[in-house]
1. Just to be sure before I move on: is Lys71 in contact with a strand residue (DSSP E or B) (Cβ under 6 Å, 6 or more places away or on another chain), part of a helix (DSSP H, G or I) and under 30 Å from Lys127 (Cα atoms) in the structure I sent?
2. When you look at Ser86, is it part of a strand (DSSP E or B) and in the same structural domain as Lys127 (by TED's automatic domain parsing), yes or no?
3. How about segment 74-96: which of its residues are of a type outside the set (Phe, Trp, Tyr), in contact with a strand residue (DSSP E or B) (Cβ under 7 Å, 6 or more places away or on another chain) and more than 13 Å from Ala42 (Cβ to Cβ)?
4. Suppose we filter Leu72, Leu108 for residues that are buried (at least 20 other Cβ atoms within 10 Å of the Cβ) and either aliphatic (A, V, I, L, M) or modelled with pLDDT of 95 or more (or both); which single one remains?
5. Just one of Leu53, Leu32 is assigned to a strand (DSSP E or B) and under 29 Å from the mean Cα position of the chain (by Cα); which is it?
6. Could you check, for segment 90-102, whether at least one of its residues is over 14 Å from Gly124 (Cα atoms) and surrounded by 14 or more Cβ atoms within 10 Å (Cβ to Cβ)?
7. When you check Asp92 against the structure, is it without any contact (Cβ under 8 Å) to a residue 60 or more places away in the chain and within 12 Å of the chain's Cα centre (by Cα), yes or no?
8. Within segment 60-83, which residues are over 8 Å from the mean Cα position of the chain (by Cα) and either outside the structural domain of Ile111 (by TED's automatic domain parsing) or among the charged types (D, E, K, R) (or both)?
Amino acid sequence: MYQFLPFVITIVAILVSDLLKGVIIGIIIGLLFILRSNFKTAVFIVHDKNSFLFRLRKDVSFMNKAIIKSKLEKVHEDSYVLIDTSRADYIDADVVETIEDYMLHAHLKNIRIELKTRAHSDQGFSKKFLDPEYKQPTAIRNFEKEIVAS
């Protein structure tokens, strides 16, 4: 039914107005439905007690940054977070930066984080975050520069 709705709206728009306006309205409505669909399916979040799974799928654009950031901030202390980016084709640099910043500060709330990426691609993440031996933050990002912590 959801996929049929843009077609119905286009037909109604053609009947109410003229052919050109109806087709343009149909194209706009179709694009809005596509954007809405991609926006909702890009981030999948599941939690059970103190375990959280953030799965990023398809194309994760800057529009998803606010959702990811707000959900990461809601993670309880003494929790475990798995961020799975292995199914993402594209991750915007703003989203990568948000996740990396969270990984740097998660230890303050005693949150353990695991980042799962594709084997052949770093997807924009810093090499130190991809290292399985990474335990504590060694640097703080500040305006695209790294300042080594003491």
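The values are calculated or read from the model by the stated rules, or taken from the named source; none is laboratory data. These numbers come from a predicted model, not from an experiment. Here Cβ is always computed from backbone atoms with ideal geometry, including for glycine, and neighbour counts include all displayed protein chains.
1. Values: in contact with a strand residue (DSSP E or B) (Cβ under 6 Å, 6 or more places away or on another chain): yes; part of a helix (DSSP H, G or I): yes; under 30 Å from Lys127 (Cα atoms): yes.
When the stated conditions are applied, Lys71 passes them.
2. Values: part of a strand (DSSP E or B): yes; in the same structural domain as Lys127 (by TED's automatic domain parsing): yes.
So Ser86 fits the description; yes.
3. First pass over segment 74-96, keeping only residues of a type outside the set (Phe, Trp, Tyr): 74-79, 81-89, 91-96.
With the extra rule that they be in contact with a strand residue (DSSP E or B) (Cβ under 7 Å, 6 or more places away or on another chain), the set shrinks to 75, 79, 81-89, 91-92, 95.
Result: Val75, Ser79, Val81, Leu82, Ile83, Ser86.
4. Values: Leu108 fails: buried (at least 20 other Cβ atoms within 10 Å of the Cβ).
Sole residue among the options that is buried (at least 20 other Cβ atoms within 10 Å of the Cβ) and either aliphatic (A, V, I, L, M) or modelled with pLDDT of 95 or more (or both): Leu72.
5. Leu53
6. Step one: of segment 90-102, the residues over 14 Å from Gly124 (Cα atoms) are 102.
Adding the requirement that they be surrounded by 14 or more Cβ atoms within 10 Å (Cβ to Cβ) leaves 102.
Yes: one or more hits.
7. Working: without any contact (Cβ under 8 Å) to a residue 60 or more places away in the chain: yes; within 12 Å of the chain's Cα centre (by Cα): yes.
Here the answer is yes, as Asp92 does meet what is asked.
8. If the condition is that a residue be over 8 Å from the mean Cα position of the chain (by Cα) and either outside the structural domain of Ile111 (by TED's automatic domain parsing) or among the charged types (D, E, K, R) (or both), then Lys69, Lys71, Glu73, Lys74, Glu77, Asp78 are the ones that fit.
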